[in-house]
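The block underneath contains the structure these notes are about, expressed in structure tokens.
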Amino acid sequence: MLKGFFYCIQMTLFEEELNKRILVLDGAMGTMIQQYKLEEEDFRKGWFDDHESPLKGNNDLLSLTHPEIIKAIHAKYFEAGADIVETNTFSGTWIAQADYNLESAVWDINYESAKIAKEVAKEFTTKEPHKPRFVAGSMGPTNRTASLSPDVNNPGFRAITYDQLVDAYKDQAKALIKGGVDILLVETVFDTLNAKAALFAIQEVYNELNIKLPIMVSGTITDASGRTLSGQTTEAFLISIEHAPVTSVGLNCALGAKELRPYLQTLSGKSNFNVSAHPNAGLPNEFGEYDESPSDMAKQIKVFLDEGLLNIVGGCCGTSPDHIKAIAEVAAQYEPRNKNMLQTEEA
């Protein structure tokens, strides 16, 4: 019971901070890892030396093979002004790790990633107790979709089942919680059925462990049509998950801040939850790289804040500590969105 009580305290602290100010989420992990120019052996060191499959690019493994790199990246984001860092576990399910024949490494990936991030968060909270730092356990969408067929000749085929997704997310959530995360973040949702499996899995884990942490959910609008990959509008996405006891709902990835604005306006106008956004640093260029500067991105974020759209803001693909620093400086000048406003207006 004592452990459950500890986590409830953490949830209350997070929600208290949300009521006080706009919280800043970190930026991209992959952008930072690329700067280290890592090779195949860096993804194997001490853990997977004899593994039969290539592992380069499986960034989640670096929490095991090069924890000092992941720790340094978290620290850079906290130094830049982030209140929340995400664990290095975007592909931390056995579904995603099956591509590398590493289903057996899932517990270690999530547990160690959470421990690393929490260690850094505690260091910064101790130095600046007036600005507590939080760790969000990143639960990515997996590389499978429950709503769509990967075979154009067989539209009824599914590469994954709902029950398999639930099992995978349960394993991930348990390890993240045991590692010490403060929040669970179901992010980059391109298929809401996948997200619903994650939310169901989280509730089962909470019941089993007799604890409760805040839950953030962040969907992905894939293009200018304003829909997720599985075809939902922003409002439909919100309706599909609003039955769950989530703390915030938001949008991330695929689009830059400028392109994300109309969908955030819809979300903010319809949602009784806190609203988050962590867009890309603009749209990718012809080389797949992101060119939007920190100052330009901060100017776009300022438009969101002028309109009172957000409670949590950060960056996704292409963003760096410089982007987060610029965003944090702007966010500090604004009050958070009033999530109770919609309820008041409706009443």
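Overview of results
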| read-out | value |
| --- | --- |
| Listed peptides 132-144, 243-255 by packing density, highest first (mean Cβ within 10 Å) | 132-144, 243-255 |
| Relative contact order (%) - the chain, alpha-carbon pairs under 8 angstrom, separation at least six | 20 percent |
| Which of MET297, MET29 has the fewest Cβ neighbours within 10 Å, and the rest in rising order | MET29, MET297 |
| Sorted by Cβ neighbour density within 10 Å, fewest at the top, the residues ASP26, ASP167 | ASP167, ASP26 |
| Added length on full extension, which subtracts the Cα-Cα distance from 0.36 nm per residue, ASN210 to VAL152 | 16.5 nm |
| Label assignment, volume of the Cα convex hull per residue in Å³ derived from the structure, set [x] 188; [y] 142; [z] 241 | [y] |
| Inter-centroid distance (Cα atoms) of region 55-93 relative to region 161-222, Å | 19 Å |
| Order of TYR36, TYR169 - criterion: other Cβ atoms within 10 Å of each residue's Cβ, fewest first | TYR36, TYR169 |
| Extension reserve of the TRP47-TYR162 stretch, reckoned as 0.36 nm per residue once the Cα distance is removed | 38.3 nm |
| Label-point separation, THR12 to ALA332 (7 Å along Cα→Cβ), nm | 2.9 nm |
| For the chain, built as a Gaussian network whose Cα springs stay under 10 Å, the top-fluctuating residue of ASP151, ASP296, ASP223 | ASP151 |
| Those lysines that a straight Cα-Cα span of less than 20 Å connects to LYS76, excepting residues fewer than 8 apart in one chain | LYS37, LYS115, LYS118, LYS122, LYS127, LYS131, LYS325 |
| Ellipticity estimate at 222 nm from DSSP helix runs (n ≥ 4, -39,500 (n - 2.57)) divided over the chain, nearest 500 | -14000 deg cm²/dmol |
| Nearest-0.05 FRET efficiency for TYR36 and ASN285, computed from C-beta distance (R0 22 Å) | 0.45 |
| Region 194-320: relative contact order in percent, alpha carbon pairs under 8 Å with at least 6 residues between | 22 percent |
| Rounded if a/c under 1.5, otherwise prolate or oblate - region 188-312, Cα gyration tensor axes | prolate |
| Kirkwood estimate for region 102-192, i.e. one over the average of 1/r between Cα atoms, Å | 14.9 Å |
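Where a number appears in this text, it was derived from the coordinates with a stated rule and is not lab data. Fair warning: this is a prediction, and the values are worked out from it, not measured in the lab. With ideal geometry, Cβ positions are generated from the backbone for all residues, glycine too; neighbour counts draw on all protein chains shown.
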